[in-house]
Amino acid sequence: MENNGGEQDPIGKQGETASFQGEMHGNLEMAHNSGERRLIDNQGEMAAPQGETDGPDVAHGDNVQPNENYQVRVEAGSGTIGIRGPVPATTFRSRKHLALAFGFSDGEALDTWMKSEAFRPYYSDLLTNLNKISGGGSGYSIRTIRLAGVKDAIIYEEENGAKRYSRLYQVEHFTSMDWFAVFVMHTTEHNFVNPRGAFFGKNMTPDDMRTRIWQAMLRARLETYRHRSRGK
């Protein structure tokens, strides 16, 4: 598919508004707050989640009913989880904790959102694009990509570069890092501007939103891994 400028648009349902870009970039400096990044910099090495478990801390359908400012204490002195601020790097392993990080009422609401157009098409497109370039010498190993690098790539491209991620320009040269950045940026935008989006009407920084989208991606990946393991 091509847009009116002749630029390739390989990602379906991702033409979001330009007004969001201005608001996002107006808050970009908050994404580099050193006190927050310590908790989230190591999130999401892409190695297969072998040995990861969902123990008793995983609530299936807990009806917690948080409001916008709700924060919940988590175990092991990890701090609080809510819609703002950093979250533990392992939040995705707990359905309950990930739901709280998004402000959803329970795990079932999280599941519904992850199956909706606010997340599923973007995640599917990410997998498709990664498969297209796998083995192509992209320069980045999927297993070593981290959230901090993805955030830096978004800031560099959208503030200082040719805005390749928002324009989906020269995608034939995209690496796996680029496709992860496209996924995080466009999924965040959709959920910010769409009334059915997880972030619509919520007072959250770009960094907060991107962190939670990354955690949702890791959750989807973990669920896929478990499904395949059960099928063996």
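The residues of the stretch 102-125 that are within 14 Å of LEU218 (Cα to Cα) and touching a Ser or Thr at 6+ places or on another chain (Cβ under 9 Å), listed by number, are PHE119, TYR122, TYR123. Across the stretch 118-145, the number of residues qualifying as at pLDDT below 95 and in contact with a Gly (Cβ under 8 Å, 6 or more places away or on another chain) comes to 1. Got at least one residue in the stretch 196-210 being in a helix (DSSP H, G or I), modelled with pLDDT of 95 or more, over 16 Å from PHE92 (Cα atoms) and of a type in the set (A, V, I, L, M, F, W, C)? No. For LYS115, indicate whether it is modelled with pLDDT of 95 or more and among the basic types (Lys, Arg). The answer is yes for LYS115. Considering only residues that are among the polar types (S, T, N, Q), in a helix (DSSP H, G or I) and within 25 Å of MET204 (Cα to Cα), which ones fall in the stretch 86-138? Correct list: THR91, THR112. Within the stretch 62-81, can one find any residue that is modelled with pLDDT of 95 or more and either of a type in the set (Phe, Trp, Tyr) or under 15 Å from the mean Cα position of the chain (by Cα) (or both)? No, the stretch 62-81 contains no residue that is modelled with pLDDT of 95 or more and either of a type in the set (Phe, Trp, Tyr) or under 15 Å from the mean Cα position of the chain (by Cα) (or both). If only residues of the stretch 187-232 that are of a type in the set (A, V, I, L, M, F, W, C) and closer than 17 Å to ALA109 by Cα are counted, the one that is surrounded by the fewest Cβ atoms within 10 Å (Cβ to Cβ) is PHE200.
The values are calculated or read from the model by the stated rules, or taken from the named source; none is laboratory data. It should be emphasised that the depicted structure is a prediction, and the values quoted were computed from it without experimental measurement. Cβ sites come from the backbone with ideal geometry, for glycine too, and all protein chains shown count toward neighbours.
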